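Got a structure for you, written out below as structure tokens; questions coming shortly.
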Amino acid sequence: MTRALERSPSSFAAESRTLDHGVVALRLVGELDADSAARLHDALHAAAVGARAVVVDLSEVTYLGSVGVSALLGVYTRSGGRVHLAGLHAHPGVSRVAVLLGLDRHFVVHRDVAAFLAAVRG
């Protein structure tokens, strides 16, 4: 099941799709900032509810602000660590913030969604 990519005026979009065995992939696009905070929280919460595991694809995120970091850490904590990240290093600015704030130490980080699926299945 795929939920439509929802674009907003603040250049944020989220698309969730259920993969096999209760695994959900959530693709985020654009800026994770104060303007996208409510929609980001909603998308992360919806993806995590009832999922065996969630991979958040950040490969198309162009800006990662404190609101985005907080939302990601919040869903990670609430899910008991079932949330993984993919595509974290696609944009240098996003990667720099993520490494500086230690996201790569909290989350399991995968190169992309395919690598996440291989790890979950393996």
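The values are calculated or read from the model by the stated rules, or taken from the named source; none is laboratory data. These numbers were taken from a predicted model, which means no experiment stands behind them. As a convention, Cβ positions derive from the backbone with ideal geometry for all residues, glycine included, and neighbour counts pool all protein chains shown. With ligands, DNA and RNA removed, areas are computed over all heavy atoms of the protein, side chains included. Shrake-Rupley method; radii C 1.70, N 1.55, O 1.52, S 1.80 Å.
I'm checking my understanding of the structure. Among residues of the range 43-81 that are part of a helix (DSSP H, G or I), touching a strand residue (DSSP E or B) at 6+ places or on another chain (Cβ under 8 Å) and open to solvent by 30 Å² or more (accessible area, probe 1.4 Å), which one is nearest to ARG111 (Cα to Cα)?
For the range 43-81, the residue satisfying everything is TYR76.
Among the residues of the range 18-31, is there at least one that is over 22 Å from ARG121 (Cβ atoms) and surrounded by fewer than 17 Cβ atoms within 10 Å (Cβ to Cβ)?
For the range 18-31, residues over 22 Å from ARG121 (Cβ atoms) and surrounded by fewer than 17 Cβ atoms within 10 Å (Cβ to Cβ): absent.
Check off (1) assigned to a strand (DSSP E or B); (2) buried (at least 17 other Cβ atoms within 10 Å of the Cβ) for VAL94 and give me the number that stays unchecked.
Going through (1) assigned to a strand (DSSP E or B); (2) buried (at least 17 other Cβ atoms within 10 Å of the Cβ) one by one, VAL94 breaks only (1).
When you go through LEU117, LEU100 one by one, which is the residue that is open to solvent by 10 Å² or more (accessible area, probe 1.4 Å), touching a residue at least 60 places away in the same chain (Cβ under 8 Å) and not small (Gly, Ala, Ser)?
Result of the check over LEU117, LEU100: LEU117.
Restricting attention to the range 1-17, and to residues there that are of a type outside the set (Lys, Arg), outside any loop (DSSP other than H, G, I, E, B) and surrounded by 11 or more Cβ atoms within 10 Å (Cβ to Cβ), which single residue is modelled with the lowest pLDDT?
GLU6
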